[in-house]
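Take a look at the structure below.
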Amino acid sequence: MLYESSKDYGQPRRIALVDCNNFYASCERVFKPAWNHLPVGVLSNNDGCIVARSNELKAAGIPMGAPYFKFKDQLENMGAIIVSSNYALYGDMSARVMDTLAQYTPDMEIYSIDEAWLDMTGFNTATLDEYARQIVSNVHQCTGIPVSMGIAPTKVLAKLANRLCKKRNIPGQVFNIGGAAHIEQLLKSFAVEEVWGIGRRWAEQLKTKHHIYTALDLYNADSHQMRSHYSVVMQRIILELQGVPCLFANDIKPKQQIIASRSFGTRITQKSEIIEAISTHLVRACQKLRAQNSMASGMTVSIRTAAFQPKEKYYGNRATTKFTVPTADTRHMIAAAIRAIDSIFKQGPRYAKAGVMLFDISSADTVQYDLFDEQVTPESNALMSVIDSINSRYGKKAIFFGSQGIDNKWAMKRDKMTQHFTTNWLEIPNV
DNA sequence: TCTGGGGTCCTAGGACCC
DNA sequence: TCTGGGGTCCTAGGACCC
């Protein structure tokens, strides 16, 4: 289906994308004002990759997702502040930004930790830009986080408008494509891969097979024809570029799959350590599963060695378990996971990563229990919810499963973490 | 020595049904 | 000698996103 809309737009649609600038780096700066004039970078888990960069680092040509060790010297030489990722902080700051935004429109969709769509259809067009600049400046004042805003009739265009804001450093950080008198001029200044939804693969195909190099070229393409070469997804992107809305708000749906995986802080070789790690990941995954009032009937356990070590022989494997009755009981999952590990663990490889995925997820309210399976009982829900509430009140590992282990040698590396400025009483900044 | 983690949607093809 | 047409469900894999 090309699109599905339940909404009647009596007036020209105006959709705004609000995006926090260099979000993680900006969060770090809020509580370290001295860093405002220094290059700041944030690392991924295990301090592996650079996943957020302040403008100074972008200007210096540090690429997104670059391995830290390859740029360490360069970063040191330029006096950059490099920190481990502090998700407790970013999550809390994100909530503050979203709460502030929510005051300005009844129709908001949180799209990611640092982005939200605001539907401004029907707002007074004469004052829309001014109103938008007010939102941007108020978010900055209330949270300390700088944001940019792109406004357009469709989401794909709003994304471009937002990009333009940052690219041209538009004063007020608002760009409204609006009726788009100069839309062609505008689209011409974007490479095709800058269009939202066009990734590396498609960009390459578009260039080599169809001589489409810019957003304008794509705008001029025949959406029907392109659908036959690619898919309905491509058709929607083209139509959206042309100003025809095809993408609408997603209702907040329960996740259809839940993944919990981590690279180890150090390589591990013992099965007992794999069991500890997998158990720990499962505890997190099951907790998320229960938090959305769901159960799962499928689980995949995976382990692997390092991906980028040409001298070492790669080994990776996975095992899938199907439960006859959907479950959210961590005990059942761990028992099954240990059997799965038995089937895929090999002695010898130096493992670098392990993970679990839960799938075939359904609502806990509609589970059909098995007459003959005594393990799965409604009582298990009661036990799990007690565990969840204890941990929510007294901290993550207040109560845990023996198989998780106590002194986890494999735990991830986060050597450069800043404080939990907003989520821990002991780490609140003193003024 | 050192390279993250968590998601979604779409399509093609096989198995199976009447 | 000759064997239809239409449909659903499931899975793997490919593409994309932040």
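Every number here is computed from the coordinates shown, using simple stated rules; none is lab data. As the structure is a computational prediction, the values presented were derived from the model and not from experiment. Cβ placement follows ideal geometry from the backbone for every residue including glycine, while neighbour counts extend to all protein chains displayed.
Numbers below:
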item: Per residue Cα convex hull volume in Å³ - calculated over the range A:226-275; result: 206
item: Candidate aspartates and glutamates - alpha carbon under 12 Å from A:K167, same-chain residues fewer than 8 apart omitted; result: A:E194
item: Cα-projected label distance for A:Y213 with A:A411, points at 7 Å along beta-carbon direction, nm; result: 5.4
item: Relative contact order (percent, whole number), chain A, Cα cutoff 8 Å, 6+ residue spacing; result: 17
item: Cα pair distances in chain A, grouped into 20 Å bins until the bin that holds the longest one, percent each; result: 21, 50, 29, 1
item: Computed log₁₀ I(q)/I(0) - Debye formula, equal Cα scatterers, no solvent, the range A:138-248, q 0.14, 0.18, 0.21 Å⁻¹; result: -0.56, -0.86, -1.10
item: Helix A:378-394 vs. chain A, principal-axis angle (Cα, 0 to 90°, nearest 10); result: 70
item: Cα-based convex hull, the range A:258-404, per residue volume (Å³, whole number); result: 109
item: Cα long-axis angle, helix A:155-167 against chain A (0 to 90 degrees, to the nearest 10); result: 80
item: Cα-based convex hull, the range A:187-250, per residue volume (Å³, whole number); result: 84
item: Top of A:T269, A:T377, A:T320 by mean-square fluctuation, Gaussian network on chain A, Cα under 10 Å; result: A:T377
item: Nearest-ten-degree value, helix A:232-241 long axis tilted from longest Cα axis of chain A; result: 40
